[in-house]
Amino acid sequence: MTFIENVINIITKYHTLLLDGLGYTMLIALTGTIFGLIIGLLTGIIKTIPMSKSPILKFLQKLVNFIIACYVEIFRGTPMMVQSMVIFWGYAFMNDGNTLPLIPAGIFIVSINTGAYMTEIVRGGIISVDKGQFEGAYSVGMTHWQAMTNVIIPQVMRNILPSISNEFVINIKDTSVLNVIGVMELYYMANKIQTMTWNIFETYLIICVMYFIMTFTITRILRVFEKKLAGSDTYTICGSQSDPNAEIRVKKEKEEFR
Amino acid sequence: MENVITLKNLKKSFSGREILKGIDLEIKKNEVVSVIGSSGSGKSTMLRCINLLEDATSGDILFHDKSVIEGHIDINEYRSRIVMVFQQFNLFNNMTVLDNCVRPQTVVLDRSKDEAREIAMKYLRKVGMAEYINARPAQLSGGMKQRVAIARALSMNPEVILFDEPTSALDPEMVGEVLDVMRELASEGLTMIVVTHEMAFARDVSDRVIFIDEGVICEEGDPKEFFENPKTERAKAFLSRFLN
């Protein structure tokens, strides 16, 4: 059999497995990114609470910040594949061999891993917001939480959206490591198909293309979304700035040249 | 008359350097107090200490004779009573002009949206910004931003407004529009503490002038008298630099 026949054969025979795998991959990557973002927002908000003056609260704050720092360092500093094994089998070890249901386990692992990265992304986003925005909010009597949810986080979200998209795309690819605990995502399905057909190259090439189509389209969609969110105060400078004769004009988004 | 704000021997150091070296000050209801002095004299720091944006190193701040520093008063409630207008405006960039004035009311004062909107519109009209309620801060000029910031402060119906060099970041032609608004507020009996470099404003509008130099109140008194007959050498030197 030739290459093309093999590919067609795999697709016609196993497309339900492939599409199921694709669906689970997207499900885990998307929910994992969303939960990871929520974790990141919460830890980011907690980490930026101004230090309390009362010694007990100050100690508690430092303790919580230390725990968050440990969490971030551990989950950023170890491979997600290893984390999957430790969490999944660790749970089984402590619960008389009962394992977690696979898809929720996968979502949990991706979320907690993404959360570690998001913590740093959100913290960077909060720091990059002008200090005057905090002072404006505090000066009218807002609490840290009120200032964060009403004023700061909306601005942070806009600034970190490219990083969030990036995390999402990384997660689409990285869910493949969940095959080590048997989550039925795309890579796991390919592995299964490969043992049945022995067309190893063709099978993995197919999912390779599938992964790329997913990440590519998602990237494009998110880029459009980012542009929309950036809104009216994005400017593009038209004309070469190194050309002394060029007329430099500023084009406002969605506006014609003046 | 009752003191709204009292400062008692207020000191503030930044990494060992003492900026405020013991300030005693009493602000009475309906009083307009201008605080002047050269850059780095500590006048903005004093204002930021009053709003608790900076923690005083020692001394006390009393609000209606209750200590703010010792925690007898809820800090956020206190701040909503003595709101601040900043040199850099500090409008919320993610909100429209109207939302800038409405959201603090609904969030901090628990006012209903309709009520907050009505109050916000009243003050936006007062500062002449009612036509721009849907604009974003980025689309406004400096003078417009500062007028919105004043409307935001007024919307909280505070007892005192602290002005921290409200015209220092403005182009000269926009200073007038902001000072006009402030003049009107002063004439209506709002209690104001104004840190400023606008000597004409300090002289004509305020009830009392405070001259701060090197972290202490060097001279204070009636504006006419201060500007015509400064008593201390330092005030004389400062004024002669300014008037020439």
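The values are calculated or read from the model by the stated rules, or taken from the named source; none is laboratory data. Note that the structure is predicted; figures quoted are calculated from it, not measured. Backbone-built Cβ (ideal geometry, glycine too); neighbour counts: all protein chains shown. Just the protein is used for accessible areas: all its heavy atoms, side chains included, with ligands, DNA and RNA removed. Shrake-Rupley method; radii C 1.70, N 1.55, O 1.52, S 1.80 Å.
Couple of notes before you dig in:
- Lone qualifier among B:E31, B:E26, B:E54 - being under 16 Å from the mean Cα position of the chain (by Cα), modelled with pLDDT of 90 or more and open to solvent by 70 Å² or more (accessible area, probe 1.4 Å): B:E26
For every residue, the table says whether it meets (1) within 14 Å of chain B (Cβ to nearest Cβ); (2) open to solvent by less than 10 Å² (accessible area, probe 1.4 Å).
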position: A:G97; (1), (2): no, no
position: A:L100; (1), (2): no, no
position: A:V110; (1), (2): no, yes
position: A:S128; (1), (2): yes, no
position: A:Q133; (1), (2): yes, yes
position: A:S139; (1), (2): yes, yes
position: A:M142; (1), (2): yes, yes
position: A:N150; (1), (2): yes, no
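- Scan the range B:147-176 for residues that are within 22 Å of B:E31 (Cα to Cα) and buried (at least 23 other Cβ atoms within 10 Å of the Cβ) and the total you get is 14.
- For A:V156: the one exception among (1) crowded, with 23+ Cβ neighbours inside 10 Å; (2) not in a helix (DSSP H, G or I): (2)
- In the range B:157-185, the residues that are polar (S, T, N, Q) form Cβ pairs under 9 Å with partners that are in a loop (DSSP other than H, G, I, E, B) and buried (at least 21 other Cβ atoms within 10 Å of the Cβ), at six or more places apart or across chains, as follows: B:T167/B:T196; B:S168/B:T196.
- Close Cβ contacts (under 7 Å, 6 or more residues apart or on different chains) running from residues in the range A:131-155 that are touching a residue at least 60 places away in the same chain (Cβ under 8 Å) to residues that are open to solvent by less than 30 Å² (accessible area, probe 1.4 Å) comprise A:M148/A:I45.
- Filter pass, B:Q88 being surrounded by fewer than 21 Cβ atoms within 10 Å (Cβ to Cβ) and touching a helix residue (DSSP H, G or I) at 6+ places or on another chain (Cβ under 6 Å): yes
Yes/no per residue for (1) over 30 Å from A:N199 (Cβ atoms); (2) at pLDDT 95 or above:
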site: A:N9; (1), (2): no, no
site: A:M26; (1), (2): no, yes
site: A:F35; (1), (2): yes, yes
site: A:I45; (1), (2): yes, no
site: A:T48; (1), (2): yes, no
site: A:F75; (1), (2): yes, yes
site: A:P79; (1), (2): no, yes
site: A:S84; (1), (2): no, yes
site: A:G97; (1), (2): yes, no
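- Close pairs (7 angstrom Cβ cut-off, 6 or more residues apart or separate chains): closer than 15 Å to A:L186 by Cα in the range A:196-210, surrounded by fewer than 12 Cβ atoms within 10 Å (Cβ to Cβ) and of a type outside the set (A, V, I, L, M) anywhere: A:E202/A:F3
- Output for the range B:177-205, where each listed residue is among the small types (G, A, S) and either modelled with pLDDT of 95 or more or buried (at least 18 other Cβ atoms within 10 Å of the Cβ) (or both): B:A186, B:A202
- Of the helices (runs of 4 or more DSSP H) lying entirely inside the range B:36-152, those containing at least 2 residues that are within 30 Å of B:G221 (Cβ to Cβ) and within 13 Å of chain A (Cβ to nearest Cβ) span B:43-50, B:75-81.
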